[in-house]
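What follows is one structure encoded as structure tokens, with my remarks underneath.
The values are calculated or read from the model by the stated rules, or taken from the named source; none is laboratory data. Since the structure is predicted, the reported quantities are computational estimates derived from the model, not experimental observations. Quick reminder, even Gly has a Cβ in these numbers, built from the backbone with ideal geometry, and neighbours come from all protein chains shown.
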Amino acid sequence: MKKSKPLLDEAGAYRYALWLLGHRPYTTGALLQKFRLRSLPEAIGQTVVEKLTAKKFLNDQAYAESLIHSKTSQNWGPSRIRTALYQKKVPREIIDQTLKSSYSQEGEAAQAAELMERQKQRFLRKKEKKKGQRLRQAFEFLVRKGFSVSAARLAVNQVFSYNPELLNEE
């Protein structure tokens, strides 16, 4: 594998950052990580990031809002979106703020119920080897999608009208 050549100065780092941002959006943290991989000193990287932020080429808040909108349309829940934002190096304050403005508990439960309603037939087609297995699988599906335990329980309860004790059996 070909090794990337190191960045030596601020002008080269700025051109590299513009080239990267021309292909897809980046967060501040992800861009700084790219600079570290190219052996750019931290001080120069911070200066370039500040310039890009001042010119509005970098905006972590807008990036987070865009990712939340995109992943919500793919039926991701808030927990899974939070993890994706952490991986993209979005600051915690921005993650908390944007998720709080995008999701309420009622909204999360409604989205989980809507997803479960669409997937209901998939779980009803499966044969149960143990009593409550189908409901447990539906519940686990929602939790894997990133919904909270309470929202998943509420959605499964609403869609399947089950006894909540079935999920607690091992």
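Inside segment 121-152, residues that are out of contact with any Pro (no Cβ under 7 Å at 6 or more places or on another chain), in a loop (DSSP other than H, G, I, E, B) and under 21 Å from Lys71 (Cβ atoms) make up a count of 3. As an exercise: evaluate Arg118 against (1) assigned to a helix (DSSP H, G or I); (2) under 19 Å from Ala30 (Cβ atoms); (3) out of contact with any Asp or Glu (no Cβ under 9 Å at 6 or more places or on another chain) and give the number of the one condition it does not meet. Only one criterion is unmet by Arg118, namely (2). Counting only helices (runs of 4 or more DSSP H) wholly contained in segment 1-101, the ones carrying 3 or more residues that are of a type in the set (D, E, K, R) occupy 42-54, 60-73. Checking segment 64-87 against the condition returns no match, with no residue being more than 25 Å from Ala110 (Cβ to Cβ) and crowded, with 17+ Cβ neighbours inside 10 Å. Looking across segment 104-121, just one residue is in contact (Cβ under 8 Å) with a residue 12 or more places away in the chain, more than 14 Å from Val149 (Cα to Cα) and under 19 Å from the mean Cα position of the chain (by Cα), and that is Leu115. As for segment 53-63, it holds at least one residue that is within 30 Å of Met116 (Cβ to Cβ) and surrounded by 13 or more Cβ atoms within 10 Å (Cβ to Cβ). Cβ-Cβ distances below 7 Å connect the following pairs, each with a first residue in segment 18-43 that is in contact (Cβ under 8 Å) with a residue 24 or more places away in the chain, a second residue that is surrounded by fewer than 13 Cβ atoms within 10 Å (Cβ to Cβ) and not in a helix (DSSP H, G or I), and a separation of six or more residues or different chains: Leu37/Ser4; Arg38/Ser4; Arg38/Pro6; Ser39/Pro6. The condition of being assigned by TED's automatic domain parsing to the domain that holds Leu31 and of a type in the set (Asp, Glu) holds for only one of Glu93, Glu50, that being Glu50. Put simply, of Leu18, Leu31, Leu52, Leu37 the only residue that is under 26 Å from the mean Cα position of the chain (by Cα) and over 24 Å from Ile95 (Cβ atoms) is Leu18. Any residue that is at pLDDT 90 or above, closer than 30 Å to Leu31 by Cα and charged (D, E, K, R) - is there at least one of those in segment 130-142? No, segment 130-142 contains no residue that is at pLDDT 90 or above, closer than 30 Å to Leu31 by Cα and charged (D, E, K, R).
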